[in-house]
Amino acid sequence: MIFLETDSDPAEWLLMPLRWDSADERQEWARTSADMLWRLREKRPKRREIRTLAMRLDMLAEGIPGRVPAHQVFLYAPDPRRVPLAFYALTVPVEGDRTAQLREAVQADQESPVRPLEVDTFTTKRLGEGLRSLRYWGSREGALMMSLNFAWRSEEFGVDLSLRAVADDPGWLAAHLEEADDFARSLWLSDVAARD
């Protein structure tokens, strides 16, 4: 199995499991993660604050698997008062023209009715040259939405990798683009089976 790894700050970027043996296990992960996130920022966080974040993490952990195509999910949680932003990572076997597949993965040819789509080359030391895009649209409820999309091809592993986040607060995501880009630069692929 191909696995996406990172050496980003675990106090801000949580790897969220996608499979749970029980609701109790999922809720324990949420409580432990919430407690860690708060204690890294405050010496004596309030129990209410920890419980609130634990509920948010549990809702994400319960709601995301199966709803969004992803092999891994990273939660960006720089502020424990906010709902963490999910970054969905997906690998698919290499197929077809590299440029066409990467453009499809970053939604380069999708409509962006609110603002023009921004598509740029995005290169990292570990994953090589890829693409990055910002896309804006309106939700059915009229909210402004923004997606940040990355994609690379790995000939070594024979996969195309995509990483995507969707925000209903584009201003907040826009203010954190540098951190998201740094996270993308921290990623690399490894073969879990080769390590065993």
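The values are calculated or read from the model by the stated rules, or taken from the named source; none is laboratory data. Note that the structure is predicted; figures quoted are calculated from it, not measured. We place every Cβ from the backbone using ideal geometry, glycine too, and count neighbours over all the protein chains shown. To get the accessible areas, we keep the full protein, side chains included, count just its heavy atoms, and leave off ligands, DNA and RNA. Shrake-Rupley method; radii C 1.70, N 1.55, O 1.52, S 1.80 Å.
Before moving on, here are some points about what is shown:
- Taking the range 125-196 and dividing mean pair separation by its residue count, relative contact order in percent (alpha carbons under 8 Å, at least six apart): 28 percent
- Probe 1.4 Å, all protein chains present, accessible-area order of Asp21, Asp58, Asp191, Asp120, largest first: Asp21, Asp120, Asp191, Asp58
- Contact order normalised by residue count of the range 1-154, Cα under 8 Å, 6+ apart, percent: 17 percent
- Charged neighbours of Thr91, selected by a Cβ distance under 14 Å, balance to -4 (K, R count +1; D, E count -1).
- The packing ranking of peptides 160-168, 8-16, highest mean first, is 160-168, 8-16, where packing means the average number of other beta carbon atoms within 10 angstrom of each residue.
- Charging the Cβ of each Asp and Glu at -1 and of each Lys and Arg at +1, and nothing else, the dipole of the range 1-104 about its Cα centre rounds to 720 debye.
- Relative contact order computed over the range 64-147 (Cα-Cα under 8 Å; 6+ residues apart), in percent: 18 percent
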